[in-house]
There are 2 protein chains.
Amino acid sequence: MSDSGDITAAVLIIGDEILSGRTKDRNIGTIAAHLDAIGIRLCEVRIVPDDVSEIVAAVNALRVRYTYLFTTGGIGPTHDDLTADSIGAAFGVPVDIDPRAVAMMQPVYAARNIALTPARLRMARVPEGAELIPNGVTAAPGFSIGNVFVLAGVPDIMESMLQAATERLRTGAKINSVSIVLRQPEGEIADLFAAHQAAYPDVAMGSYPSFTADGYRTELVLRSPDGARLESARETLVRLLAEREFL
Amino acid sequence: MSDSGDITAAVLIIGDEILSGRTKDRNIGTIAAHLDAIGIRLCEVRIVPDDVSEIVAAVNALRVRYTYLFTTGGIGPTHDDLTADSIGAAFGVPVDIDPRAVAMMQPVYAARNIALTPARLRMARVPEGAELIPNGVTAAPGFSIGNVFVLAGVPDIMESMLQAATERLRTGAKINSVSIVLRQPEGEIADLFAAHQAAYPDVAMGSYPSFTADGYRTELVLRSPDGARLESARETLVRLLAEREFL
């Protein structure tokens with residue numbers, strides 16, 4: 001369903017391997033772009049280690065502050081997978097093997113000739129009251145409880161779960177954005193751009209500099225849920241830049 | 001200097017463009033790997049928007065909890081660059097143009113025929129009492145105040161500043177790590193691995209599954225500052241895995 005109010009989210013990445021630098025996170029960018037596309041405003045991201053008390057503290061800080069919280073990581077079969085227990089602790093509910101999760105895993109594991117050992121059944125443990133999130137890759141599901149969506153850390157599996165979870169989300173007005181690329185360093189246009197932001201306080205404006213083989217590149221990005229205001233702000237900015245021969 | 005105590009750090013990424021998914025962060029992985037290499041334990045990462053009150057709250061939460069805090073982003077010349085003012089607010093000190101920063105910028109800008117406009121001089125504004133961090137790419141410096149190191153968001157510039165800042169850091173015992181790669185799914189070794197972790201509680205152990213063109217891949221990573229304990233844990237694990245014909 002679609003909603004005109006501001007719908008917000010946070011992401012919590014759980015994993016020592018990201019903090020040690022051994023693994024580069026690829027999930028933040030995927031989730032950020034997906035939420036942007038469905039009109040949910042991502043307001044905060046945190047990365048914490050595989051530690052129950054750290055996970056519980058972050059979950060409880062973030063779930064009360066935003067419409068949704070998405071977590072990734074820590075739902076595999078090994079002893080360092082602590083997310084289900086941490087979410088249970090955060091909500092104050094027990095965590096146990098869920099027969100619905102076992103039923104999702106059984107046929108897929110049987111077809112692949114993989115035994116459902118006690119270790120693998122750890123992946124069927126979910127907090128009481130959780131809804132399962134299907135996993136189109138390896139079957140062991142994620143889950144949601146309250147406004148918290150618990151996804152895998154492996155990027156392919158995370159994406160599968162994120163797509164599956166999306167139908168349960170209230171989505172917002174798509175935030176439109178336009179960008180204008182200049183060949184000047186951003187210092188040249190900073191005054192003009194600040195004055196333009198002041199004239200359109202309801203349109204979010206950012207300036208993103210980079211260096212390319214061709215020299216300076218400055219991308220000015222304007223964002224607003226109101227398409228007409230955005231177009232007015234864009235047109236005016238293009239005119240102001242052209243008058244100063246920046247375009 | 002080197003230190004035997006546990007030296008900890010947090011990273012704060014400042015930028016709407018990361019949260020909107022428009023730009024993929026590349027700094028977290030770089031900083032994480034660098035800190036790991038110099039024996040500083042990265043414990044937490046947060047990403048917040050270009051908003052003074054959000055930045056101040058995160059800076060004050062993180063700087064009291066960890067030995068060091070590194071921020072990236074928000075120190076350019078445009079109106080959406082709010083980091084210097086936010087750090088000043090977090091420390092309760094005024095922010096003004098620093099003649100030392102202007103002196104760093106002047107010759108480089110002159111050589112490149114770029115005027116030091118009022119907008120560009122915004123990049124010379126630092127909180128009172130801050131030390132400057134040289135920028136080997138575009139001259140406009142970062143700065144440190146207390147235990148907080150304020151770096152640029154553009155990856156090349158961030159790396160230049162991170163290298164320059166490193167000589168001011170207390171560094172710790174290098175955390176050694178070894179890894180063992182298996183061709184079984186991690187569910188196969190979960191029980192053995194959990195028992196091994198219980199036998200070596202002082203060695204951190206993680207299991208990282210992935211799918212490759214050749215099938216399952218499970219990487220077991222063992223980490224410890226104590227090289228002898230790490231080698232003992234590795235040897236024993238290799239023997240246990242070989243006994244079960246996993247290696």
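What to note about this one:
- Filter pass, B:ALA84 being on the phi < 0 side of the Ramachandran plot and either surrounded by fewer than 17 Cβ atoms within 10 Å (Cβ to Cβ) or not assigned by TED's automatic domain parsing to the domain that holds B:GLY15 (or both): no
- Residue match in the stretch B:142-151 (condition: more than 9 Å from chain A (Cβ to nearest Cβ) and either over 24 Å from the mean Cα position of the chain (by Cα) or basic (Lys, Arg) (or both)): no
- Residue match in the stretch A:223-246 (condition: in a strand (DSSP E or B) and either acidic (Asp, Glu) or exposed (fewer than 14 other Cβ atoms within 10 Å of the Cβ) (or both)): no
- Boolean, B:VAL137 is buried (at least 22 other Cβ atoms within 10 Å of the Cβ) and β-branched (Val, Ile, Thr): no
- Top-ranked residue in the stretch B:185-203 [being in contact with a strand residue (DSSP E or B) (Cβ under 6 Å, 6 or more places away or on another chain) and open to solvent by 20 Å² or more (accessible area, probe 1.4 Å); ranked as nearest to the other protein chains (Cβ to nearest Cβ)]: B:GLN197
- Set B:SER210, B:SER179, B:SER160: member being buried (at least 20 other Cβ atoms within 10 Å of the Cβ) and either modelled with pLDDT under 90 or not hydrophobic (A, V, I, L, M, F, W, C) (or both): B:SER160
- Neighbours by Cβ (under 7 Å, 6+ apart or cross-chain): first from the stretch A:228-244, modelled with pLDDT under 95; second in a helix (DSSP H, G or I): A:ARG244/A:LEU192
- Filter result for A:GLU235 (under 27 Å from B:ARG112 (Cα atoms) and not β-branched (Val, Ile, Thr)): no
- Residues in the stretch B:7-35 that are over 9 Å from the mean Cα position of the chain (by Cα), surrounded by fewer than 21 Cβ atoms within 10 Å (Cβ to Cβ) and touching a residue at least 24 places away in the same chain (Cβ under 8 Å): B:ILE7, B:THR8, B:ARG26.
- Of the residues examined, B:VAL108 is one that is part of a helix (DSSP H, G or I), touching a residue at least 12 places away in the same chain (Cβ under 8 Å) and of a type outside the set (Gly, Ala, Ser).
- B:SER144 without any contact (Cβ under 8 Å) to a residue 60 or more places away in the chain, of a type in the set (S, T, N, Q) and open to solvent by less than 30 Å² (accessible area, probe 1.4 Å): yes
- Hits in the stretch A:36-60 - residues which are open to solvent by less than 20 Å² (accessible area, probe 1.4 Å) and more than 7 Å from every other protein chain (Cβ to nearest Cβ): A:GLY39, A:ILE40, A:ILE55, A:ALA58, A:VAL59
- Scanning the stretch A:40-64 for residues that are touching an Asp or Glu at 6+ places or on another chain (Cβ under 8 Å) and assigned to a loop (DSSP other than H, G, I, E, B) returns A:PRO49, A:ASP50.
- Qualifying residue in the stretch B:72-84 (condition: under 25 Å from A:TYR66 (Cα atoms), assigned to a strand (DSSP E or B) and more than 10 Å from chain A (Cβ to nearest Cβ)): yes
The values are calculated or read from the model by the stated rules, or taken from the named source; none is laboratory data. Quick caveat: nothing in here was measured; it's all calculated off a predicted structure. Neighbour counts run over all protein chains shown; Cβ positions are idealised from the backbone, glycine included. Remember, those area values only see protein heavy atoms, side chains included, never the ligands or the DNA or RNA. Shrake-Rupley method; radii C 1.70, N 1.55, O 1.52, S 1.80 Å.
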